[in-house]
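Notes follow the structure.
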Amino acid sequence: MSRQDRATPAGGKLSRRQALKIGAAATTLPLVHIRTAGAAGKVAIGFWDHWVPGGNDLMQKQVNAWAEQNKVEAHADFISSVGDKLMMTGAAEAQAKTGHDALAFYNWDVFNHNDALEPVDDVMARLIAKNGAVSATSEYLAKSAGHWAAVPTSSGTQTKPPCARISWFKKNGLDIQAMYPVKAEHNALQDAWTWDAFTKYAELAAKDNLTFGLGMGGGTLNTDATDTHGALFKAFGATLVDAKGNITLKTDEVHQVLEYAQKLVKFYPADAVSYDDASNNRALISGKSALIFNPPSAWAVAVRDNAPVGADCWTFSAPSGPKGRFVPSLNYFWGVYKFSQNKTAAKELIEYLMQPEQVEARCIATSGYDLPPFAGLLGFKVWETVQPPKGTVYNYPIQPWHNAQPSLTAAEASPDIAVQIYNRGIHNQMMARLSQGQTIPQVIAWAQDELEGFTR
């Protein structure tokens with residue numbers, strides 16, 4: 001998918017749209033390459049700091065093994081996404097043209113820093129030949145004007161479906177293990193798992209002081225909420241801006257999803273507007289929430305820190321709406337900077353890390369959290385065997401019988417607009433305004449003004 005020209009206009013002045021696009025830059029993912037003659041010297045890589053205990057340790061061991069084999073001095077940093085540290089690292093290094101040789105990027109950060117990244121078509125040709133086709137979402141985000149700007153990685157790539165307490169749902173009449181069992185089957189319980197049903201259980205949870213851990217935090221600090229609300233809007237067929245740049249707020253679909261949201265937000269946590277991406281994890285792990293939208297990191301930490309809660313968790317697909325079932329997703333990439341002094345080593349390291357045996361080992365070490373973006377790597381047994389309870393994350397990857405699609409919030413718009421919608425958390429802010437008592441026309445008027453700034 002081609003990207004629009006991002007050059008500064010004559011006279012050196014930036015339009016508001018360009019300034020917002022530059023300011024939207026955020027987050028990064030690791031990248032590297034495969035052994036060719038002469039890949040020696042030093043290489044520095046910045047990885048995403050994994051949520052799951054043990055995830056960083058195995059990554060470091062794999063880097064060390066490659067470095068020893070190839071006689072390269074490799075330095076790995078693990079940079080937290082909390083507080084946008086990873087995003088700010090990528091923006092600072094791309095601007096200063098110095099720093100790591102390769103870095104981790106997520107979602108639109110590859111687009112934001114495309115001009116600073118070394119093409120990796122050679123690496124991708126070999127990986128696709130070996131690992132199969134890349135997911136459509138990863139290709140949308142990392143391929144520009146026919147060239148790969150970064151390598152899609154399993155490390156950090158995730159879906160964010162519901163992770164819920166088995167016992168609480170069973171007490172309230174829904175056996176979530178029977179709804180999404182450890183077998184490849186579709187059933188009537190799945191058909192009944194709709195957003196309307198979701199609201200019914202959210203109300204019951206609030207009455208039990210086990211409020212569903214749904215946030216409305218700002219921008220990139222609460223991507224769990226941004227991704228969840230994007231999937232909700234898609235389930236109703238509601239978009240904010242279309243592929244041609246037209247603002248599409250005044251549609252029946254947007255009005256319908258906002259009418260539904262007026263009911264749902266009544267049962268959000270009292271502090272939902274101050275949520276970040278750790279808030280819902282803490283709510284589940286502490287036993288204060290019956291359901292969150294999250295990859296298996298919260299469950300994995302619960303197993304370690306609050307075993308009864310960990311053993312009572314089950315992950316399953318998102319609710320469906322009038323236009324289908326959409327599962328929140330987030331994608332990570334590894335990119336090599338053009339200013340790198342050792343591009344060959346950086347590319348070789350990345351290619352080594354994306355070999356099937358390395359990818360599977362990291363999937364196992366992270367309890368199935370990491371989702372490979374290559375079709376040929378989705379047959380690992382880890383999701384079937386992880387416990388407790390056994391099979392708890394079996395339905396974490398999107399499966400054909402789920403009748404679900406991955407959701408990338410705001411991706412209906414062109415990337416230069418979508419990144420602004422995403423990083424500003426427009427969906428979250430619309431939900432927050434409804435929770436504060438604003439009317440649907442007031443919320444739409446506010447969003448219209450915001451989006452006009454992005455599309456000028």
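The values are calculated or read from the model by the stated rules, or taken from the named source; none is laboratory data. Note that the structure is a prediction, hence the values are computed from the model and not measured. Reconstructed Cβ throughout: ideal geometry from the backbone, glycine too, with neighbour counts over all protein chains shown. The accessibility values were calculated without ligands, DNA or RNA, using every heavy atom of the protein model including side chains. Shrake-Rupley method; radii C 1.70, N 1.55, O 1.52, S 1.80 Å.
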Rg/Rg_ref, the stretch 339-456, where Rg_ref = 2.2 N^0.38 Å and atoms are Cα = 1.54
Radius of gyration and maximum dimension Dmax of the stretch 93-245, Cα, Å | 20.4, 57
Between residue 282 and residue 172, 0.36 nm times their residue separation minus their Cα-Cα distance comes to what?
-> 37.3 nm
Prolate/oblate/rounded label for the stretch 45-110 (Cα gyration tensor, a/c 1.5) = oblate
Report the extension gain between residue 270 and residue 207 in nm, rounded to one decimal, defined as 0.36 nm multiplied by the number of residues separating them, less their alpha carbon distance.
-> 21.4 nm
Could I have the simple spin-label model distance between residue 378 and residue 246, label points 7 Å from Cα toward Cβ, reported in nm to one decimal?
-> 3.2 nm
Relative to the present Cα-Cα distance, how much length would full extension add between residue 71 and residue 185 at 0.36 nm per residue of separation?
-> 36.1 nm
In whole angstrom, how far apart do the alpha carbon centroids of the stretch 258-328 and the stretch 180-219 sit?
-> 9 Å
If we restrict to alpha carbons, what Rg and Dmax does the stretch 266-347 come to, in Å?
-> 18.3, 54
Nearest-0.05 FRET efficiency for residue 60 and residue 121, computed from C-beta distance (R0 30 Å) | 0.60
The answer for the net charge of residues other than residue 175 whose Cβ lies under 14 angstrom from its Cβ, with Lys and Arg +1 and Asp and Glu -1, is +2
For the chain, what is the accessible area per residue in Å² when the probe is 1.4 Å?
-> 37 Å²
How large is the convex hull of the Cα atoms of the chain per residue, expressed in Å³ as a whole number?
-> 127 Å³
Low-density loop cleavage sites - trypsin sites (Lys or Arg not before Pro) in the stretch 196-254, where at most 10 other Cβ are within 10 Å (DSSP) = 244, 250
Using Cα-only point scatterers and the Debye equation, what is log10 of I(q)/I(0) for the stretch 222-322 at each q in 0.15, 0.16, 0.19 Å⁻¹, rounded to two decimals?
-> -0.72, -0.79, -1.00
Among beta bridges assigned by DSSP with both residues in the chain, the antiparallel ones amount in percent, to the nearest 5, to 60 percent
The Rg/Rh figure for the stretch 290-405, Cα atoms and Kirkwood Rh, to two decimals is 1.04
Rg/Rh for the stretch 85-161: what does it come to with C-alpha atoms and Rh from Kirkwood?
-> 0.96
Taking the Cβ of residue 336 as the center, what net charge do the other residues with Cβ under 9 Å away carry, scoring Lys and Arg +1 and Asp and Glu -1?
-> +1
Ignoring ligands, DNA and RNA, what percent of the 1.4 Å accessible area of the chain is carbon and sulfur?
-> 52 percent
What percent do you get for the relative contact order of the stretch 336-456 when only Cα pairs under 8 Å and 6+ apart count?
-> 11 percent
Hey, can you rank 298-310, 437-449 by average C-beta count inside 10 Å, highest first?
-> 298-310, 437-449
Restricting to Cα pairs under 8 Å and 6 or more apart, the percent relative contact order of the chain works out to 28 percent
How would you rank 102-111, 417-426, highest first, on the average number of other Cβ atoms within 10 Å across their residues?
-> 102-111, 417-426
